[in-house]
Amino acid sequence: MPSIYLQTFGCQMNVADSNGLAHQAWSLGCTFTDAPDEADILILNTCAIRETAEMRVYSRLGQLKAIKRAHSKLLVAGCLAEKDRAVMRKKAPHVDALLGPRDYRQFKALLTDWGVPTDLPPPETPMRLPSAEDAPGEDSPAQYAHLRALVSITRGCEKFCTYCIVPYTRGPLESIPPEEIEAQIQREIRCGAKEITLLGQNVNSYLYEGLNFAGLLRRVGRIEGLERLTFLTSHPHDFNREVVDALAELPNIEPRLHLPVQCGSNEVLAAMARLYTIEQYLERIGYFRERLPRWALTTDIICGFPTETESDFLETLGLVERGTFEYAFVFAFSPRAGTPAATMEPQVPQEERLRRLQAVSAAQNDRTRRFHESFIGETVSVLVSGPSKKDPTRMAGKSGHNVTVIWPRDAGTEHKPVVDVAIEQAQTWGLVGRVA
Ligand code: 5AD
Ligand code: SF4
């Protein structure tokens with residue numbers, strides 16, 4: 001049977017898509033390997049969100065050219081396959097096929113073309129996926145990976161923020177029927193999942209025959225055996241009080257919200273077509289903080305968007321310095337060909353984008369460390385990820401706030417999926433403690 005090497009770049013959506021592709025291949029009897037030089041079929045599931053993401057894919061494609069065996073096939077899937085459809089042949093002629101995120105229904109047919117038989121009974125061995133993540137060895141070891149499951153509730157996005165390539169690569173919004181979502185969650189729970197993440201580019205735009213995101217949360221929140229529920233990503237325009245009220249009712253929801261603000265200036269927000277003002281954002285999180293105290297609010301920020309002035313930047317910096325967020329992913333603006341922002345004038349020089357990024361990151365790090373310090377002396381419940389990569393004498397996991405927690409390995413709790421850890425130290429990257 002053919003063996004497959006599968007490497008995933010980019011967001012959680014890609015990780016979920018890779019799981020889907022892997023499942024299709026496994027159902028035909030394919031096996032998986034983490035050695036690209038031994039694989040019959042090599043798949044890169046790629047990302048195009050920023051230029052750096054793209055460069056990493058092309059550099060990996062360069063490496064694979066030398067590694068790939070003569071008879072092996074190379075498939076590029078994901079957002080870069082869609083975005084660079086016309087130029088991939090020139091840039092990487094050793095690629096045998098491209099499948100964009102909307103083409104995965106053709107995956108089995110492609111495998112058949114490549115000689116994978118479709119008439120065999122389903123395999124008796126469980127699916128094992130050694131290298132689903134971008135950096136092999138960085139992902140949680142297989143015996144812990146199944147504890148966290150990603151369940152897509154929407155596909156695509158039609159917000160068309162002016163910097164973003166996603167609506168072009170993933171297409172228009174589509175909501176998945178609730179029965180399908182429930183069945184998927186139940187399957188994952190049966191396979192041992194302790195945490196379910198509902199996934200969508202903007203989960204708040206979920207709408208299926210009158211059922212909105214708040215309704216869906218209430219519905220899936222009742223599923224038996226569901227221990228921890230969370231969701232990614234929310235758009236501030238659609239994140240409303242009804243959603244906050246639904247979250248406040250759910251006993252098994254993890255205390256964290258990712259609500260990308262992108263920047264603190266109304267002029268720049270308008271140029272980004274984000275559909276809210278900073279006052280509206282603050283009003284929304286005001287209600288959220290009131291109803292859900294001590295949740296972790298995390299965000300995304302873009303520095304150096306075209307037209308961003310020093311005073312626009314200072315508004316973003318001020319927002320971060322005031323401690324608005326517990327954690328932030330901070331990016332330098334990266335022009336994406338075909339998006340309106342790529343040709344907006346004036347562009348901010350790259351050096352200046354990076355200077356602003358560093359200032360915002362430094363301010364956020366201060367705030368994040370203080371947030372972590374607030375856990376010292378408390379006992380937190382941690383979902384285990386596996387032995388720590390830096391120091392295998394310790395274990396690592398994530399708290400409900402999504403904070404990394406490290407503790408000395410302990411024979412009594414070695415194979416437990418969830419461990420209570422008494423927190424003793426706080427760092428910018430996370431928490432250190434011992435089994436409580
Ligand atoms: N440049 C920089 N950052 C971007 N993001 C999306 N597109 C770009 C771009 N062109 C960021 C946004 C988004 C996150 C997933 O990636 O902050 O929320
Ligand atoms: Fe991109 Fe905006 Fe859609 Fe998020 S909401 S995927 S940033 S277009």
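Structural remarks
- Scanning the range 208-222 for residues that are open to solvent by 70 Å² or more (accessible area, probe 1.4 Å) and assigned to a strand (DSSP E or B) yields no hits at all.
- Long-range neighbours under 9 Å by Cβ, at least six apart or interchain, first residue open to solvent by 10 Å² or more (accessible area, probe 1.4 Å) within the range 257-280, second of a type in the set (Lys, Arg) and away from ligand 2 (no atom under 12 Å from the Cβ): Tyr276/Arg284
- The set of residues in the range 54-69 being at pLDDT below 95 and buried (at least 19 other Cβ atoms within 10 Å of the Cβ) consists of Lys68 alone.
- Condition broken by Gly225, with the remaining ones in (1) away from ligand 1 (no atom under 16 Å from the Cβ); (2) assigned to a helix (DSSP H, G or I) satisfied: (2)
- The range 362-391, residues that are within 24 Å of Gly264 (Cα to Cα) and either in contact with a Phe, Trp or Tyr (Cβ under 8 Å, 6 or more places away or on another chain) or open to solvent by 30 Å² or more (accessible area, probe 1.4 Å) (or both): Ala362, Gln364, Asn365, Asp366, Arg367, Thr368, Arg369, Arg370, Phe371
- Qualifying residue in the range 177-187 (condition: surrounded by 17 or more Cβ atoms within 10 Å (Cβ to Cβ), in contact with an Asp or Glu (Cβ under 9 Å, 6 or more places away or on another chain) and part of a loop (DSSP other than H, G, I, E, B)): no
- Restricting the range 237-255 to residues that are more than 14 Å from ligand 2 (Cβ to nearest atom) and open to solvent by 30 Å² or more (accessible area, probe 1.4 Å) leaves a set whose member that is farthest from Phe313 (Cα to Cα) is Pro251.
- All positions within the range 297-311 that are hydrophobic (A, V, I, L, M, F, W, C) and part of a loop (DSSP other than H, G, I, E, B): Phe305
- The set of residues in the range 313-332 being farther than 23 Å from Lys398 by Cα, open to solvent by 10 Å² or more (accessible area, probe 1.4 Å) and either in contact with a Cys (Cβ under 7 Å, 6 or more places away or on another chain) or within 16 Å of ligand 2 (Cβ to nearest atom) (or both) consists of Phe331, Ala332.
The values are calculated or read from the model by the stated rules, or taken from the named source; none is laboratory data. The structure displayed is predicted, hence computed values, not measured ones. We place every Cβ from the backbone using ideal geometry, glycine too, and count neighbours over all the protein chains shown. We work out accessible area using only protein heavy atoms, side chains counted, and drop any ligands, DNA or RNA first. Shrake-Rupley method; radii C 1.70, N 1.55, O 1.52, S 1.80 Å.
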